[in-house]
Amino acid sequence: MFGVAASLFCHIFTSSNSKPTAGSTTFTAHPPRPETPTSYVTKNLFFPNFNPNLNPYYSINQDIKLLGNSKVSEDVIQIPDVSATVDPKYQAGRAIYASPIRLFDPLTQTPASFQTTFSFKFTTTTTAATDGSRGGNGLAFVIVPDEFNVGRPGPWLGILNDACDHYKVFAVEFDTCHDPEFGDPDDDHVGINVGSVVSFKTASSSKANVSLHNNTVGHRAWIAYDSQRRRIEVHLGSDGDPKPSEPILSSPLNLSPFLNEYMFVGFSASTGNLTPQIHSILSWNFSSTNQALLPKPSAKTCHKNLAHQVSKYSRIGYTAPPSSFMIFVAVTGLFTVALICFYCNSTRRESTVSFVLLVDKKQKPTPPNKPRRYNHCRGFQSHTAF
């Protein structure tokens, strides 16, 4: 009875974490291994716009956290805030989803798969529009470990700063400034960064027939990471057009060393000493799927927890169940006693049969001229008489 109760206690402990929760996070149960139940956690974000009065899915003021020089203006996110009284040159800001998202399973060391798409547009200030100069620096989609830091402006794009040593960060940058010391190929390119502001792989935007300096049209990016294949793909096109068939960037990538269990997702942007450039995010969708391996507690742990709860909340003392060794000894003893009883009964039955065979049977009288018949006992006595 106790074993059944303990098993039920363990089952409740492991199953309660797999129940669906409210909001945009869902848990999908898959056929688990007996010792490690497995679920897949899916997170979905949907921002068709950033107007606090028109978005029926989220509270923009609560779900989008603004850091540094950034703001929500009408129905878009702007970095930097051009309405501020400060000089828009050499500014940095971030706009991230306010709650952390589980993007790494520490038990299996498995990163999450994720997909995101967003539309954006770069515009320059009135001064830049009149003198024909081009703005900088750029915008980046980022996955960062905290919701406090803002990196340096200029070529750092607000991703990193001098204090961020060994900072776990993933970014896809859309850069409009040529900084050769950062490995930039030109002033209109896309790059993938992991733990650094220097992109490990870049491509010119012209590869996708897009110019990030074109402020008359919006752009759209698609970023997809496949955790099973350990591969990242980036597509770039014009907002309103279908997704291009060929990615502008594609590369093998293991994100595990650059992820904590929970990370923040969003955008980072900065301006430099050139003509200030306003980075506007118009819409954003994000989804992730992460494996959640739930460790099943042992029976010993369940008994220990149950004993602690009984001693804490009940006046009746806790009696520990018999150990497996004692149960084995008891069963072995009962089996031995049963075997001995069976053997004794078999021996007694054989003795009784032998005794019956040796009993002298009463002989019928025989004529004097016929030989006399003897049974076993009399035959034995006759032979011994000689």
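Just so you know, all these numbers are worked out from the coordinates, no wet-lab data involved. Just so it is clear, the model here is predicted, and its values are computed rather than measured. Cβ sites come from the backbone with ideal geometry, for glycine too, and all protein chains shown count toward neighbours.
Placing dummy labels 7 Å off each Cα toward the beta-carbon, the span from LEU334 to LYS201 is 6.6 nm.
Can you give the net charge of the other residues whose Cβ lies under 10 Å from the Cβ of LYS65, counting K and R as +1 and D and E as -1? If you can, show how the numbers build up before the last one.
Details: positive: ARG94; negative: ASP63, GLU147.
Within the 10 Å Cβ shell, the charges total -1.
Add +1 for every Lys or Arg and -1 for every Asp or Glu among the other residues with Cβ under 14 Å from the Cβ of ASN44, and state the total. Here the charged neighbours net out to +1.
Taking the radius of gyration and the Kirkwood hydrodynamic radius from Cα positions alone, what is the Rg/Rh ratio for segment 188-263, to two decimal places?
Values: Rg = 13.7 Å, Rh = 13.6 Å.
Ratio value, two decimals: 1.00.
Take 249-258, 334-343, 268-277, 282-291 and order them by the average number of nearby Cβ atoms within 10 Å per residue, most first; the result is 268-277, 282-291, 249-258, 334-343. What the phi angles of segment 104-113 give under the Karplus curve with 6.51, -1.76 and 1.60, with θ = phi - 60°, is a coupling list of 7, 9, x, 6, 9, 6, 10, x, 7, 8 Hz, glycine and proline written as x. Residue by residue, segment 62-75 carries 3J(HN,Hα) couplings of 9, 8, 10, 9, 9, 10, x, 8, 8, 7, 9, 10, 6, 10 Hz when phi is fed to the Karplus relation 6.51 cos²θ - 1.76 cosθ + 1.60 (θ = phi - 60°); x denotes Gly or Pro.
For segment 50-161, the Kirkwood estimate of hydrodynamic radius, built from reciprocal distances between every pair of different alpha carbons, is 16.1 Å.
Values of log10 I(q)/I(0) for segment 149-245 across q = 0.11, 0.12, 0.19 Å⁻¹ run -0.35, -0.42, -0.99, by the Debye formula with one identical scatterer at each alpha carbon and no solvent.
With θ taken as phi - 60° and the Karplus curve 6.51 cos²θ - 1.76 cosθ + 1.60 applied, the whole-hertz 3J(HN,Hα) list for segment 225-237 is 10, 9, 6, 6, 7, 6, 9, 10, 9, 10, 10, 9, x Hz, x standing for glycine and proline.
The H on the amide N of GLY218, modeled in the peptide plane, is under 5 Å from the matching H of ASP239, each at least 5 residues off or on a different chain.
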